[in-house]
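Values quoted throughout were computed directly from the atomic coordinates according to the rules given, and no laboratory measurement underlies them. Fair warning: this is a prediction, and the values are worked out from it, not measured in the lab. In this analysis, Cβ positions are derived from the backbone assuming ideal geometry, glycine residues included, and neighbour counts consider all displayed protein chains.
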Amino acid sequence: MGNFMIDRVCEKAIAGLLRGEADALSAIYDSIGRQVYYLAYSILQNHHDAEDVLQQTLIELVRCAHTYRKGAGARAWILGIARNQSRKLARDRRDVPCGDAGTDVREFDTLLTMEEALATLGEEERRIVILRVFSDMKYKEIASELQITAASAEKKYQRAIQKLRRYYTD
């Protein structure tokens, strides 16, 4: 689903939240939940924390739906809430180690391999790859998030992908 469609679905669902429609929150989750999760993961670097942020973002949406201004970009507004929730959790858990206990063994191996590959990248490169690949963000959106130019985001993404290719071929 493209970002324009996500915006439309989320805007409609936010209006549904205000009317008390039971399926409004699940429509938001289905359309943007994955992007929220990967945005949180790009900041927190922890699967459980990213899941917590996804849940907290949904709670905040219910609590703050009345503050959304129609036409303001529902996707960006929701991702902004997720970003704020991620940063808040990062501050709260700065010194608390978290693990991936309870994850299926095959899933853990896949995640471990992916995390090892991503660990070969610098922090900014890692965030760019996660935001581009998993959150399906455009270079302009990534640039805005990281306060760099879109051209720089694209170039850093290309370099990071080259590093990941070398990692997997070695």
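Would you tally the net charge around T67, using a Cβ to Cβ cut-off of less than 14 Å, leaving T67 out, and scoring K and R as +1, D and E as -1? It would help to have the intermediate numbers written out before the result.
Values: positive: R63, R69, K70; negative: E11, E60.
For residues surrounding T67, the net value is +1.
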Quiz item: To the nearest 10 degrees, how steeply does helix 74-92 sit against the main Cα axis of the chain, on a 0 to 90 scale?
Solution: 60
Quiz item: Per residue of the chain, what 222 nm ellipticity follows from adding -39500 (n - 2.57) for every DSSP H run with n ≥ 4, rounded to the nearest 500?
Solution: -24500 deg cm²/dmol
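Using a Förster distance of 45 angstrom, determine the FRET efficiency expected from the C-beta separation of A22 and N84, and round it to 0.05.
Values: r = 26 Å, r/R0 = 0.59.
The formula returns an efficiency of 0.95 here.
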Exercise. Would you work out the charge dipole size for the chain about its Cα centre, treating the Cβ of every Lys and Arg as +1 and the Cβ of every Asp and Glu as -1, and quote it to the nearest 20 debye?
Key: 820
Exercise. Multiply the residue gap between F134 and K70 by 0.36 nm, knock off their C-alpha separation, and tell me the result in nm, one decimal place.
Key: 20.4 nm
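Need one number: the % of Cα-Cα pairs in region 113-170 sitting beyond the 16 Å mark. Write out the running numbers ahead of the final one.
Working: 579 of 1653 pairs.
Distances greater than 16 Å cover 35 percent of the Cα pairs.
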Self-check item: For the chain, alpha-carbon Rg and Dmax in angstrom
Solution: 16.8, 55
Quiz prompt | Residues of region 123-139 with amide N under 13 Å of the 7 Å Cα→Cβ point at S152 | solution = 124-125
Quiz prompt | Relative exposure of K140, K163, judged by other C-beta atoms within 10 Å (fewest first) | solution = K140, K163
Quiz item: What pairs from K12/K156; K88/K155; K88/K138; K70/K140; K140/K163 go past 26 Å between their alpha carbons?
Solution: K12/K156; K88/K155
Quiz item: Tally Lys/Arg at +1 and Asp/Glu at -1 over every other residue whose Cβ is under 12 Å from the Cβ of K140; what's the total?
Solution: -1
Exercise. Using only Cα atoms, tell me the angle between helix 3-19 and the longest principal axis of the chain; keep it within 0 to 90° and round to the nearest 10.
Key: 40
Quiz item: What angle do you read, to the nearest 10 degrees and between 0 and 90, between the alpha-carbon axis of helix 150-169 and the longest principal axis of the chain?
Solution: 50
